[in-house]
Amino acid sequence: MRRFVASGVQLLVVAELVPQYEVSMEDSPPEADDLELMARVRDGDAEAFCALVERHQHRVVGTVAKMLGSPDEAEDLAQQVFIRVWKSAPRWQPNAKFTTWLLTITRNLVFNETRRRGRARTVPLEEPGEHGPRDYADASALSPEEALHTSELQAAIDAAIASLPEQARMAIILRRYEDMPYEDIAAVLGTTVPAVKSLLFRARAELRERLAKWLD
């Protein structure tokens, strides 16, 4: 079981452990959205922090896993993301969506890690977990040959996206897997909406070229 410590408060990352703090989202009033929870975190409320972790940890772990690779590495870096959230809380201001701010922290730590390694990683873009893999077809309804083809196609897509530069890879992941609007992607990447659209256009063109044999 993974735990981390922030400012002397032991905080649990794994969602199923959060209820021991009696902060499940069912216990929160309907108006207790991210900004309200974050305002409480800014005041040192550990229970509100655990509620935010419960609500957003899978998004963070999933994004990191798609950018870096192994689930273990994703969990470790996700812990750093939430520690940064806790430590930054006193300076937080509700000037943007919480998810945009959270994913900006995620982007910074992921980019730092990829630059530290100094090399691209082949990334499995679908990790096993609570949300499960993206279902492109009902595997039980496929013949062995069709299942093999689907598996090979997904591996090719994963490798193609993993080969993109980090900025383009993050844009593709946020758009394709998080279904984020252009405005939010621009905020996370620290750029403009036209720049995001151009980035995605070029990235998709590169993906089509790399996957050409699968698209024939």
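Some observations on this one:
- Whole-Å distance, taken between Cα centres, linking the stretch 166-216 and the stretch 38-90: 24 Å
- The modelled label-to-label distance between S163 and S198, using points 7 Å beyond Cα along the C-beta direction, is 2.4 nm.
- Rounded FRET efficiency, nearest 0.05, which uses the C-beta distance separating R210 from F111 and R0 of 25 Å: 0.65
- Seen from every direction in turn and averaged, the convex hull around the alpha carbons of the stretch 41-97 projects onto 4.1 nm².
- Sequence of F201, F49 once ranked by neighbouring C-beta atoms within 10 Å, starting from the fewest: F201, F49
- Residue order for L211, L189, L103, L35, fewest other beta carbons within 10 angstrom first, comes to L35, L211, L189, L103.
Every number here is computed from the coordinates shown, using simple stated rules; none is lab data. Keep in mind that this is a model prediction, so the values were computed, not measured. Cβ sites come from the backbone with ideal geometry, for glycine too, and all protein chains shown count toward neighbours.
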